[in-house]
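The values are calculated or read from the model by the stated rules, or taken from the named source; none is laboratory data. Computed from a predicted structure; not experimentally measured. Heads up, the Cβs are rebuilt from the backbone with ideal geometry, glycines too, and the neighbour counts pull from every protein chain shown. When the accessible area is computed, the model is the full protein with side chains, heavy atoms only, and any ligands, DNA or RNA have been set aside. Shrake-Rupley method; radii C 1.70, N 1.55, O 1.52, S 1.80 Å.
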Amino acid sequence: MSSSRSGFITGGTWCVDHNMVLPRWPEEETATRILSANAQGGGAGCNFAVDIRRLAPEIPVATVGLCGEDPDGRLLRGVATDHGIDISRFHVDPALRTHRTMAFTSAENGRRTHIFEADASDHLTPDHFDFDGVTARMLHLGLPGTHARLDGPWQGDPSGWVSVLKKARAAGLRTNMEVMSIPRDDLRRLILPCLPHLDYLVVNDYEIGAFADLQTVQGGATSVPGVIAALRRVMELGSMEIAVAHFPGGAVALDRSGGVQSHPSTRFPQAEVKGTNGAGDAFAAGFFCGHHRGVALRDCLAYAHAAAAASLRSVDTYGAVESLESCLALATRTGWRDALELGAA
């Protein structure tokens, strides 16, 4: 990354996660007990920003978002302030209700289920994004499928997301987009028009397969050669300098020259997994912390896995994320999985 700029600005989803741990996800027409509950910040704009500040406090972070003047909105602004995040571009509208998510985690397997009311997020538009005077290196933007106005066409652009990305690049920012695992057709409709306006893309195996219209996950198992093929196809569709896909066993990165780097994930004990909520955000934050520090691409993947593994120790999105050095020490203690078999893509 260019040394003339420093830090990140995040934009998009800021929501309150009402985290609830259940014994297991219930079947329909049944009831279950909530074992524990708390409320914390969530969403791509929040999680990445907080993770960066926890992983590498020397890196400045600002954000763009929209919330209501309600208890949830005050909670979110407090989270940002407590972590030293610049909220001078964070908008408050008293007429709106802050986006809230019911985030259920199964104690049986650590898997998550999200049910949300977007409200304020549905009213976020490209007009809320003002990059004048921003000296950050990169915009981290998300989440398509969660913002009604941004998901739709905007002033001649196929979506408001495209308009924001174009504004960011015109202001000298590099761009990355965070997505969530919504249906494949929705992912393709929302993301493919954004690819020519992205400098980076960090997603999971299902998502990269959806963009490329390839099957990368079958029977719950990731095809690493399939992921590489999907990365190559998506790189052809976009302008990314680097594209990364992660999955339970590891991650693969492809650069613009066609070079491939890979790194296995950690052997984090399943018995210690409290929840996977926010692990993808932590992975992206770890990756870009490494990239911001100028480390080699393979080491960026190691940073990413270490941050993601640390996040698994909490049901919320960022509560267990510590400094990069602490996360790497945890990864060293748990050990790394075997090297990935890249095969023939």
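Observations
- Residue list for region 160-192, given a label point 7 angstrom along the Cα-to-Cβ vector of Asp127 and an amide N cut-off under 19 Å: 160-168
- Here the relative contact order of region 141-201, from alpha carbon pairs under 8 Å that lie six or more residues apart, stands at 39 percent.
- FRET efficiency, 1/(1 + (r/R0)^6) with R0 41 Å, evaluated for Arg256 and Leu35 via beta carbons: 0.30
- Heavy-atom accessible surface of the chain, averaged per residue, reaches 40 Å², computed with a 1.4 Å probe.
- Share, in percent, of DSSP beta bridges within the chain that are antiparallel, nearest 5: 45 percent
- In plain terms, if you count all Cα to Cα distances in region 113-163 and split them into 10 Å steps from zero, the share in each step is 23, 48, 25, 4 percent.
- Given charges at beta-carbon only (K, R positive; D, E negative), |dipole| of the chain in Debye: 680 debye
- Heavy-atom accessible surface of Trp154, to the nearest 10 Å², is about 40 Å², with a 1.4 Å probe and all protein chains retained.
- Surface/4 of the Cα convex hull for region 243-321, nm²: 4.8 nm²
- Across the protein chains, with a 1.4 Å probe defining accessible surface, the residues Glu108, Glu29 rank Glu29, Glu108 from largest area downward.
- For region 77-125, a/c is not less than 1.5, where a ≥ b ≥ c are the root eigenvalues of the C-alpha gyration tensor, and a/b does not top b/c. That puts it in the oblate class.
- Take the Kirkwood radius over Cα pairs of region 21-160, plug it into Stokes-Einstein at 10 °C and 1.306 mPa s, and you get 95 µm²/s for translational diffusion.
- Applying the Kirkwood pairwise sum to the alpha-carbon positions of the chain produces a hydrodynamic radius of 20.0 angstrom.
- Computed about its Cα centre, the charge dipole of region 190-284 is approximately 200 debye, with only Lys, Arg, Asp and Glu carrying charge at their Cβ.
- DSSP beta bridges in region 8-151 [antiparallel fraction, %, rounded to 5]: 40 percent
- Less than 5 angstrom separates the built amide H of Leu124 from those of Arg149, all sequence-distant by 5 or more or on a different chain.
- Based on Cα contacts under 8 Å between residues 6+ apart, the chain shows a relative contact order of 16 percent.
- Base-10 log of normalised Debye intensity for region 193-232 (one unit scatterer per alpha-carbon) at q = 0.19, 0.25, 0.33, 0.35 Å⁻¹: -0.51, -0.80, -1.17, -1.25
- Take every pair of alpha-carbon atoms less than 8 Å apart whose residues are at least six positions apart; their mean separation over the length of region 212-345 yields a relative contact order of 24 percent.
- Pairwise centroid distance, computed over Cα atoms, of region 176-249 with region 128-152, Å: 20 Å
- Ordered by 1.4 Å accessible area with all protein chains kept, Thr32, Thr105 run largest first as Thr32, Thr105.
- Rg/Rh for region 142-211, where both radii come from Cα atoms and Rh is the Kirkwood radius: 0.94
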